[in-house]
Amino acid sequence: IAGITQAPTSQILAAGRRMTLRCTQDMRHNAMYWYRQDLGLGLRLIHYSNTAGTTGKGEVPDGYSVSRANTDDFPLTLASAVPSQTSVYFCASSDLGGSDTQYFGPGTRLTVL
Amino acid sequence: GQNIDQPTEMTATEGAIVQINCTYQTSGFNGLFWYQQHAGEAPTFLSYNVLDGLEEKGRFSSFLSRSKGYSYLLLKELQMKDSASYLCAVKGNDYKLSFGAGTTVTVRA
């Protein structure tokens, strides 16, 4: 791999179902982030992790959870999906304390019906 | 809180110059980023300014004035492939990025 990968590319999900979006990076970045992007609202931070073993809440964390068991992986879980979680989800990573530039994965388009 | 404003849309002709303005009012400031995002794709990094002044990278330049809470991205010699959304993002005191809603630039032949 080179960079950040996300899976699935897209998903249609029934309301109330549980869903995990996967994100993997191979750049050995210490920090990772999850954003959602909605028309007219720009990118909004859901959760972040500054280093393996730690996580924090962003601007819109409700209904989402994350874990960071190792440096490379940062999955995002929707415990019980609702239609308002229909969005495009982007994972990003950065070398916190270094250049700090965030690099984004290709995104997951999620539709909750 | 964070407040980042940029125009919603701009249209320009191939070969022309376009300037995308970004104004911000944020809780602290530790740098400003510009990203390009083509439709259906991920944002890609264009530029980073942390000190006042102009940073030039080929056809793209970015300017920052911290005292005015203002930045612009200048796109010169526009090409059709420059049609995209351009996102302004400010790194605040918590070192997290706050994004503007983006400016969609359409380049016409």
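Note the buried accessible area between B and A here, summed over both chains, with a 1.4 Å probe, in Å² to the nearest 100.
Working: alone 5890 and 5810 Å², together 10390 Å².
Answer for the B-A pair: about 1300 Å² buried.
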(request) Select from the stretch A:1-81 those trypsin sites (Lys or Arg not before Pro) which occupy a DSSP coil region and have at most 14 other Cβ atoms within 10 Å, ordered by residue number. (result) A:17, A:18, A:28
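Please find the FRET efficiency linking residue B:70 to residue A:27, where r is the Cβ-Cβ separation and R0 is fixed at 22 Å, and quote it to the nearest 0.05.
Details: r = 32 Å, r/R0 = 1.46.
Once rounded, the FRET efficiency stands at 0.10.
What does the C-alpha gyration tensor say about the overall shape of the stretch B:34-109? Classify as rounded when a/c is under 1.5, otherwise prolate if a/b is larger than b/c, or oblate. It would help to have the intermediate numbers written out before the result.
Values: a/c = 2.28, a/b = 1.41, b/c = 1.62.
Verdict is oblate for the stretch B:34-109.
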(request) Calculate the length of the line joining the C-alpha centroid of the stretch A:17-95 to that of the stretch B:21-37, in whole Å. (result) 21 Å
(message) If you filter the stretch B:15-66 for trypsin sites (Lys or Arg not before Pro), then keep DSSP loop positions with at most 13 other Cβ within 10 Å, what is left?
(response) B:59
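Given R₀ = 25 Å, what would the calculated FRET efficiency be for residue B:106 paired with residue B:50, taking r from the Cβ atoms and rounding to 0.05?
Details: r = 30 Å, r/R0 = 1.22.
Once the sixth-power term is evaluated, E becomes 0.25.
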(message) Just to confirm a number: summing +1 for Lys and Arg and -1 for Asp and Glu over residues other than residue B:94 whose beta-carbon lies under 14 angstrom from that of residue B:94, what do you get?
(response) +1
(request) Could you please state how large a percent of the accessible area of chain A is carbon and sulfur, counting protein chains only and using a 1.4 Å probe? (result) 51 percent
(request) Could you tally up the Lys pairs in the protein assembly as shown with alpha carbons closer than 27 Å? Skip any pair fewer than 8 positions apart unless they're on separate chains. (result) 11
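Under a Cβ-Cβ cut-off of 12 Å, what is the net charge of the residues other than residue A:28 that fall near it, where Lys and Arg count +1 and Asp and Glu count -1? Mind dumping the intermediate values first?
Values: positive: none; negative: A:26, A:72, A:95.
With Lys, Arg at +1 and Asp, Glu at -1, the neighbours total -3.
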(message) Out of the GluC sites (Glu not before Pro) in the stretch B:1-83, which ones are loop residues according to DSSP with at most 14 other C-beta atoms within 10 Å?
(response) B:14, B:41, B:77
(message) For a Förster distance of 35 Å, can you work out the FRET efficiency between the beta-carbons of residue B:93 and residue A:69, rounded to the nearest 0.05?
(response) 0.75
(request) Can you quote the Å³ per residue value for the convex hull of the Cα atoms in chain A, rounded to an integer? (result) 93 Å³
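The values are calculated or read from the model by the stated rules, or taken from the named source; none is laboratory data. Nothing here was measured: the structure is a model prediction, and the numbers come from that model. Positions of Cβ are generated from backbone atoms using ideal geometry, with glycine treated the same way; all protein chains shown enter the neighbour counts. Side chains are part of the model used for accessible areas, which takes the heavy atoms of the whole protein and leaves out ligands, DNA and RNA. Shrake-Rupley method; radii C 1.70, N 1.55, O 1.52, S 1.80 Å.
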